[in-house]
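Asker: Here's a structure for you.
The values are calculated or read from the model by the stated rules, or taken from the named source; none is laboratory data. Worth saying up front: this structure is predicted, and the values here are computed from it rather than measured. Reconstructed Cβ throughout: ideal geometry from the backbone, glycine too, with neighbour counts over all protein chains shown.
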């Protein structure tokens, strides 16, 4: 009988020890995100006035085969870079400053739902601005880059998901790094 009392006491002790802590349900965890290694492929199309490197797992999506307006899709993260090249034509009023202000106005429309951090980009091949957007905004990063005389390039980075940006932060930071690599490797033809 003493043996039975000892077992009951141990069982009761284990049950009480298991009840320590917060009895509420645990919150859902963020999904595990595996970021790929930084490997690149070269973008070089005859209809575009530039070349650059972009992540090897990205897939080109042409909007029009004869233009330099296209997307790079990253199926692993379900996001896209929307890339547009514009030819500057001062005779028609399409100057570096006009194109920059047009793009800046578009980016700043997102300030209603978040905040924007703007930084200058300068390389031996051009200059521009890199925008990092924070909060629940549709785009996490945009940039404008130009040689100031002939061409301007704009890129916006969008996710096709309803997830909140705080859970996507590792991917957003990874893709911002890749966008900056694109700018650093951009060369005008």
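Asker: Can you find a residue that is over 21 Å from residue 139 (Cα atoms) and modelled with pLDDT under 70 anywhere in the range 32-50?
Answerer: No, the range 32-50 has no match at all.
Every residue, every condition in (1) under 29 Å from residue 42 (Cβ atoms); (2) touching a residue at least 24 places away in the same chain (Cβ under 8 Å); (3) more than 12 Å from the chain's Cα centre (by Cα), yes or no:
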{"position": "85", "(1), (2), (3)": "yes, yes, yes"}
{"position": "90", "(1), (2), (3)": "no, no, yes"}
{"position": "100", "(1), (2), (3)": "yes, yes, yes"}
{"position": "116", "(1), (2), (3)": "no, no, yes"}
{"position": "125", "(1), (2), (3)": "yes, yes, yes"}
{"position": "142", "(1), (2), (3)": "yes, yes, no"}
{"position": "145", "(1), (2), (3)": "yes, yes, yes"}
{"position": "174", "(1), (2), (3)": "yes, yes, no"}
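Asker: Within the range 34-89, which residues are in contact with a helix residue (DSSP H, G or I) (Cβ under 8 Å, 6 or more places away or on another chain), exposed (fewer than 14 other Cβ atoms within 10 Å of the Cβ) and within 16 Å of residue 157 (Cβ to Cβ)?
Answerer: Answer for the range 34-89, where residues must be in contact with a helix residue (DSSP H, G or I) (Cβ under 8 Å, 6 or more places away or on another chain), exposed (fewer than 14 other Cβ atoms within 10 Å of the Cβ) and within 16 Å of residue 157 (Cβ to Cβ): just 35.
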